[in-house]
Amino acid sequence: MSPDYEGGQHPLAFIIDSFRISDEKINSIIADFKDELDSCIRTGNKRMLKCLPSFVESLPKGTEAGEFVVIDLGGTNLRVGLCTLQGCHQFEQQHDTFEVPDAIKSGSGHKLFDFIAEKVLAFVSNLPLKPYDVGFTFSFPVEQNGLSHGKLIQFNKAYDCHDIVGHDVVQLLQERFDKLLPGRLTIRSLVNDTVGTFVAHGYINPSTRMGVILGTGTNAAYFDTLNGTRMIINIEWGGFGDSVSVDKNSLPLTPVDVEIDAESENKGRQTFEKMVSGMYLGEQFRRCALDFLTLGYETPYSLDTKYLTDIELVLKNGLAAGTVQMLNQLALTILERSAKLAAALITAVYQRARDSSPFVAAIDGSLYTKNPTYKEMISKAVQQYTQSDELVIEASKGEPLVGSGIVIAAAK
Ligand code: GLC
């Protein structure tokens, strides 16, 4: 039987404590991120961030109009839809969602693009027989040299199709359309999901100045001057904290963060993303929870067989009293660390770019949209870090894929 820790300090409380972040630490993270962003924008320093040009050079007006086929390849799903921009801050859209199979995510990139093309063609077969302009939302870093061209820099999250790194992702898809359905589909825009979120929400609310994704991965886009041109910039903030050792890192990495990174496909990359985004929070909890669950049972044969007939008894009698409560606290602390870190970077971007009041940051992604507790944590943290009501957090009202249609209409 496990010892009873009720009333005293749980021997594993230090694990939970390692996930807490002090206000002082948050302030230094905000300052370090602002420095890093500034040097990336001004001098092209890409050791952590990428600050990629989007070629979207104006904020949405809400008057853009047209009908577009829109595609969104995200961390978990592929969405294919049709959006109709009505030109008065309103749009309609309908889309189909397909889960991308694991085998496709880590196989040949050509198979991935065959998969995308196949789903798009199935969707288009139900549309009137006419040509369509296509917007492509692609949730990975791409070096763009125009609105509808861009070379894939790297995959991340659970994707690892290295044979197409360096290839133009628009060309890969357009080639398939031209072969399978000549003359019907022309890709006119390529946007990151953060850019799509920014533009889609901005179409409805003109005070939008930032698009943030908190989903399988995390990232943000905002408006700034890059190489002499004002445009929306894809920060690729998931890489914040890369290239610096644990002891010198401004991010407070725990041993669990270090383990997760060491065992990941993209070791040494996306440090901030691995601490914050949905793909990793469950794994952070699982690794810590194992320690809690085995506490008291480390010695072989210490778990009496009689408990196996009633798992609740194992929890009640076998585990240290208070352990379930501790697990609850652990889960909340992991969520709160993520929310505080995301809020810190949103605050930093706002402090750099504020040019209007309100300054609306539109957030999309399942970690945020499906989790009311998390939403509250972010709003509370942002309010605390800015000490003002000027920065307003809103759940994105448009899907990123709608943004890819809006930028086509805006460029016409
Ligand atoms: C990853 C990608 C980035 C994307 C984000 C959210 O960080 O590198 O491009 O915006 O995930 O999907």
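The values are calculated or read from the model by the stated rules, or taken from the named source; none is laboratory data. Worth saying up front: this structure is predicted, and the values here are computed from it rather than measured. Every residue, glycine as well, gets a Cβ built from its backbone with ideal geometry; the counts of neighbours run over all protein chains shown.
Within region 356-378, if we keep just the residues that are in contact with a strand residue (DSSP E or B) (Cβ under 7 Å, 6 or more places away or on another chain) and within 21 Å of PRO206 (Cβ to Cβ), the residue that is surrounded by the fewest Cβ atoms within 10 Å (Cβ to Cβ) turns out to be SER356.
Taking the listed residues LEU152, LEU172, the one that is touching a Phe, Trp or Tyr at 6+ places or on another chain (Cβ under 6 Å) and either farther than 19 Å from PHE68 by Cα or surrounded by 21 or more Cβ atoms within 10 Å (Cβ to Cβ) (or both) is LEU172, with no other qualifying. Cβ-Cβ contacts under 6 Å between residues 6 or more apart (or on different chains), taken from a first residue in region 207-227 that is farther than 21 Å from CYS40 by Cα to a second residue that is away from the ligand (no atom under 13 Å from the Cβ), are listed as SER207/PRO358; SER207/VAL360; THR208/HIS201; THR208/GLY202; THR208/VAL360; THR208/ALA362. If you go through region 234-269, how many residues are surrounded by fewer than 19 Cβ atoms within 10 Å (Cβ to Cβ), assigned to a loop (DSSP other than H, G, I, E, B) and hydrophobic (A, V, I, L, M, F, W, C)? The total comes to 1. Just so you know, in region 190-233 the residues that are buried (at least 24 other Cβ atoms within 10 Å of the Cβ), outside any strand (DSSP E or B) and hydroxyl-bearing (Ser, Thr, Tyr) include one that is nearest to the ligand (Cβ to nearest atom), and it is THR194.
Can you tell me how many residues within region 31-78 are away from the ligand (no atom under 14 Å from the Cβ) and either more than 19 Å from the chain's Cα centre (by Cα) or closer than 21 Å to HIS201 by Cβ (or both)? Reasoning before the result, please.
Residues of region 31-78 away from the ligand (no atom under 14 Å from the Cβ): 31-45, 47, 55-71.
From what's left, either more than 19 Å from the chain's Cα centre (by Cα) or closer than 21 Å to HIS201 by Cβ (or both): 31-32, 34-36, 38-45, 47, 55-71.
Summing the residues that are away from the ligand (no atom under 14 Å from the Cβ) and either more than 19 Å from the chain's Cα centre (by Cα) or closer than 21 Å to HIS201 by Cβ (or both) in region 31-78 gives 31.
Quick grid of which residues meet (1) at pLDDT 85 or above; (2) surrounded by 14 or more Cβ atoms within 10 Å (Cβ to Cβ); (3) of a type in the set (D, E, K, R):
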position: LYS316; (1), (2), (3): no, no, yes
position: GLU336; (1), (2), (3): yes, yes, yes
position: ALA348; (1), (2), (3): yes, yes, no
position: ALA353; (1), (2), (3): yes, yes, no
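Looking at this structure, is VAL382 crowded, with 18+ Cβ neighbours inside 10 Å, in contact with a Gly (Cβ under 9 Å, 6 or more places away or on another chain) and not small (Gly, Ala, Ser)? The answer is no for VAL382. Report, by residue number, each residue of region 82-94 that is in a strand (DSSP E or B) and surrounded by fewer than 18 Cβ atoms within 10 Å (Cβ to Cβ). Residues satisfying the conditions are THR84, GLN86, GLU92, GLN94.
Among the residues of region 34-81, those identified as at positive phi and buried (at least 20 other Cβ atoms within 10 Å of the Cβ) are CYS51, PHE55. All of (1) touching a Pro at 6+ places or on another chain (Cβ under 7 Å); (2) within 17 Å of ASN219 (Cα to Cα) hold for VAL392 with one exception: (2). If you go through region 363-407 and keep only what is part of a helix (DSSP H, G or I), among the basic types (Lys, Arg) and under 24 Å from ASN192 (Cα atoms), you end up with just LYS375.
Every listed requirement among (1) of a type in the set (A, V, I, L, M, F, W, C); (2) part of a strand (DSSP E or B); (3) surrounded by 18 or more Cβ atoms within 10 Å (Cβ to Cβ) is met by PHE98 save one, (3). Only one entry in PHE140, PHE155, PHE136 is within 16 Å of the ligand (Cβ to nearest atom), in contact with a strand residue (DSSP E or B) (Cβ under 8 Å, 6 or more places away or on another chain), assigned to a loop (DSSP other than H, G, I, E, B) and within 21 Å of ASN234 (Cβ to Cβ), namely PHE140.
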